[in-house]
Protein chains: 2
Amino acid sequence: MYSDDVDVTAESLLEIERNVSERQELLRKPMRVIVIGGDGFCGWPTALHLANSGHKVLILDNLSRRKIDDELETRSLTQITSFTERVELANTYVEGRMDGAVLDVSQEKDRFREVVNSFWPDAIIHFGQQRSAPYSMLSENHRCNTVNQNVSSTSNILSVIATVNPEIHLIHLGTMGVYGYSKAFGKIPEGYLDITVNETCEQQEILYPANPGSIYHMTKCLDQLLFQFYYKNWGIPITDLHQGIVWGISTKETLFDMKLVNRFDYDGIYGTVLNRFLVQAVHGYPLTVYGTGGQRRAFIHISDTVKCVRMALENPPEENRVRIFNQVAETQTVLDLAMLVSDKYGVPVQQVPNPRKEAESNDLEVSNEGLKSLGFDPVLIKDKLMKEVLDLAKAGEDFFRKDRVLNSPKW
Amino acid sequence: MYSDDVDVTAESLLEIERNVSERQELLRKPMRVIVIGGDGFCGWPTALHLANSGHKVLILDNLSRRKIDDELETRSLTQITSFTERVELANTYVEGRMDGAVLDVSQEKDRFREVVNSFWPDAIIHFGQQRSAPYSMLSENHRCNTVNQNVSSTSNILSVIATVNPEIHLIHLGTMGVYGYSKAFGKIPEGYLDITVNETCEQQEILYPANPGSIYHMTKCLDQLLFQFYYKNWGIPITDLHQGIVWGISTKETLFDMKLVNRFDYDGIYGTVLNRFLVQAVHGYPLTVYGTGGQRRAFIHISDTVKCVRMALENPPEENRVRIFNQVAETQTVLDLAMLVSDKYGVPVQQVPNPRKEAESNDLEVSNEGLKSLGFDPVLIKDKLMKEVLDLAKAGEDFFRKDRVLNSPKW
């Protein structure tokens, strides 16, 4: 339903027709959406996709991801343009439906409230958090700054929604990492766990017990409690998308123009594992696997990320609780991914000591029925490996720094 | 064991002897303790008690409670002296074992680290949080400021402990309010709940599912996740004391000198319910019960608070998890408390609309075996009602403001 990559068959033409009629219906009721953190790796293509789908989008971003590039002395392999330039350029492709402002919701709550009051959004999409687990573990300052930034942003957004208009739908990018990576409670459900209390023998549904692996993941667990509370007290409609590890770079809309390109991180701090492997492959650098590589993780392609967020937006929650979806296409072990890339591009796999305190290997099974019920038809790694990533990695050759590949802190 | 109120019988003399020999043993190994928030209602008498018990105490406080008095245009009915004056005076009673500094751990992490490095404590006791549920619900700013203050203080303290010395025992004042006030899961255990996962039929122990009733209570739920994470990653020994509602004002040590008196709040924002009733009784003001008064809550006398903290300090955790104690003497319904005061002092009970979103009435049963196993012998309301509170309430007559009694926000 939401796939852009269809072969031309009778069936797929029908599908396209359905898509078109859906789009037309949608264009009759476009939504007003604030995308916080819309200059980042997931936020930017999401903002583009929503604007291109007919919604009116306002990006708010504190540019922290660009500042962290300076701090870490690294940069995107792709040449991303300035925030203002990319927003202005995007506007020419989406008929004026995109706007942007530099604003830090974690620090400027009063200005944020004014913006919400004047823009009067139907929904707010919240990517406005420090998103790297290794970064959050670099030092005492990084631990505390990640907590302050991430908690304050969520708390301020919720509190302003409660003040201005509790009917605003909040969509938050969570992480599969809130569950921990184990089958301690069986297949991972979507946010809630059915239990029996031993003392009373009564059945209950509880929020899945948090088991975060880093300070970053922990802040997303704190978010969950904030969501539960604000839902209970103000009835704010909330969707929390527990996302897997994102791979890929481009979406249909970032390919509209070279200058709309998404950022591409390959370093040990911000580069996600599969993207890192592909850059290493391009540069003939061995694929560095932490420990045994037996860690099984959940993955999703960036083009699915933006579609899933749109599905959540266009289908607000109807249940009497915070809605939680696992935004996940598939699970893979890190070693399997490395072997896949290794087989295809002829670079060796190299095992290095795992900097993280985690199980050497784990099993993982994840429910993703919620988004599937809204039409999510996931792109799988084996079907779409990954020419565009390789092209972009090659294009960025001049900026590749070998010493950034293994710069993760230990914890 | 830790009781100061013993009748002189053969048995009690034996008991006293045991106490003395314990004290003597203790005096051979005094501990170095930082008390954060040691200028507040629970912090001040705790700091005094620990110093008087032979420990070396350093109070750090940002004086926020005094500033909030100015903001709310209310004040303690007792005439508390300035922070510097009370610390200096206390010192003359505790042989120089008390020191104090104005420092905000939520804002001044670097200075805090320096203090921890130079003082080199065995334990840090953390009262450094905004502690009023109604205050946390006053407005958008109060919601966000309570979250920022409370989360940053805990996060900074933990992160500094991890940096400087992960063997420092952190003792935190939590709240019974993290559990919610229901028997949804049976008798409330001490922090952890035994469950069976329905899908796998496996038995598990999980952190008790959070169900906070206010932003304030919610911050204490966030604290719990921070504790779990820092324990898992750095092995920091942590005791979280889930305290009931405190009543009473004085402890043995605050009675050493008029100028060591504890603060006494009677307003709808900071006054705890039983203390409020007593002040209302003194002024012939009807005892205002929210709703039916069927809300059952857990209570503890302030002199027990300070003893329990000392027990936790002198008996560091030995288990392989965050240690959680319910710091609770008994449970009572609000209406029963009002009737008790009404019967004794002849003032009527008046039911007013409940400003809080909560059940009209609830049952509540609480385990407090942990502290009991360390010798906690609770003072009960019916046995110790409450002459000292009345005396202090009368003494503060000049400062009583009727319009402050019902100033709680609605939520």
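Based on C-alpha pairs under 8 angstrom that are at least 6 apart in sequence, region B:166-309 has a relative contact order of 27 percent. What FRET efficiency do you get for B:Phe399 and A:Asp110 if R0 is 41 Å and r is their Cβ-Cβ distance, rounded to the nearest 0.05? So the FRET efficiency works out to roughly 0.75.
With the simple spin-label model, which puts each label point 7 Å out from Cα in the Cβ direction, the A:Glu73 to B:Asn117 separation comes to 2.4 nm.
Relative contact order for region A:275-336: 50 percent, from Cα pairs under 8 Å spaced at least 6 residues apart, divided by residue count.
Remark: the protein assembly as shown carries a charge dipole of roughly 940 debye about the Cα centre, counting +1 on each Lys and Arg Cβ and -1 on each Asp and Glu Cβ.
Looking at region A:291-326, which GluC sites (Glu not before Pro) are DSSP coil and have at most 14 other C-beta atoms within 10 Å of their C-beta? Listed in order of number, the matching sites are A:Glu318, A:Glu319. Magnitude of the charge dipole for region B:131-282, about its Cα centre and with charges confined to Cβ atoms of Lys, Arg (+1) and Asp, Glu (-1), is about 460 debye. Scanning residues 5 or more positions from B:Gln243 or on other chains, those with amide H under 5 Å from its amide H are B:Gly174, B:Thr175, B:Met176, B:Gln327, with H placed 1.01 Å from N in the peptide plane. Within the shell defined by Cβ-Cβ distances under 10 Å, the residues around A:Tyr216 carry a net charge of +3, with Lys and Arg each +1 and Asp and Glu each -1. Model label sites at A:Arg32 and A:Met258, defined 7 Å from Cα along the beta-carbon direction, differ in position by 3.8 nm.
Comparing A:Pro45, A:Leu255, A:Leu278 along the charge dipole axis of region A:31-404, the residue lying farthest to the positive side is A:Leu278, per the Cβ-charge model.
Projecting the Cα atoms of B:Ile80, B:Cys221, B:Pro348 onto the charge dipole of region B:31-404, computed from C-beta unit charges around the Cα centre, puts B:Pro348 farthest toward the positive end.
Computed over the protein assembly as shown, the alpha-carbon pair-distance distribution with 20 angstrom bins reads 15, 45, 30, 10, 1, each value a whole percent. Placing +1 on the Cβ of every Lys and Arg and -1 on the Cβ of every Asp and Glu, with no other charges, gives region B:31-404 a dipole of roughly 460 debye about its Cα centre. For the segment B:144-157, counting C-beta atoms of other chains within 10 Å of every residue's C-beta and taking the mean gives 4. For chain A, the antiparallel share of DSSP beta bridges with both residues in that region comes to about 20%. Shown here for region B:72-119: GluC sites (Glu not before Pro) in loop regions (DSSP other than H, G, I, E, B) with at most 14 other Cβ atoms within 10 Å, namely B:Glu73, B:Glu95. The A:Asp336 and B:Lys183 beta-carbon pair, evaluated with R₀ = 60 Å, returns a calculated FRET efficiency of approximately 0.80. Peptides B:359-370, B:235-246, A:47-58 ranked from most to least packed, by the mean per-residue count of other Cβ atoms within 10 Å: A:47-58, B:235-246, B:359-370. The distance from the alpha carbon centre of region B:325-350 to that of region B:173-200 is 25 Å, rounded to a whole number. The alpha carbon gyration tensor of region A:203-333 gives principal lengths a ≥ b ≥ c with a/c of 1.5 or higher and a/b no greater than b/c, which makes the shape oblate.
Taking a ≥ b ≥ c as the square roots of the eigenvalues of the Cα gyration tensor, region A:143-229 is oblate, since a/c reaches 1.5 or more and a/b is not larger than b/c. Arranged from fewest to most other beta-carbon atoms within 10 Å of their beta carbon, B:Asp383, A:Asp61 become B:Asp383, A:Asp61. With a cut-off of 8 Å between alpha carbons and a minimum separation of six or more residues, what is the relative contact order of chain B in percent? Here the relative contact order equals 20 percent.
Near A:Asn91, once Lys and Arg are set to +1 and Asp and Glu to -1 for all other residues with Cβ below 13 Å from its Cβ, the sum equals -2. Classification of region A:31-404 by its C-alpha gyration tensor yields an oblate form. The axis ratio a/c (a ≥ b ≥ c) is 1.5 or more, and b/c is at least a/b. Each Lys or Arg adds one and each Asp or Glu subtracts one; over the other residues with Cβ under 9 Å from the Cβ of A:Gly174, this totals -1. Ranking B:Ser139, B:Ala338, B:Asn91 by Cα position along the charge dipole of the protein assembly as shown, where only Lys, Arg, Asp and Glu carry charges on their C-beta atoms, puts B:Asn91 farthest toward the positive end. Per residue of B:229-239, other chain Cβ atoms within 10 Å of the residue Cβ number 3 on average.
Ranked by the mean number of other Cβ atoms within 10 Å of their residues, highest first, the peptides B:221-230, A:158-167 fall in the order B:221-230, A:158-167.
If R0 is taken as 30 Å, the Cβ-Cβ distance between B:Glu319 and A:Ser361 corresponds to a FRET efficiency of 0.60. By DSSP, the beta bridges lying fully in the protein assembly as shown are antiparallel in about 20 percent of cases.
Read-outs: derived from the displayed coordinates by stated rules, not from any lab. Keep in mind that this is a model prediction, so the values were computed, not measured. So basically every Cβ, Gly included, is an ideal-geometry build from the backbone, and we count neighbours across all protein chains shown.
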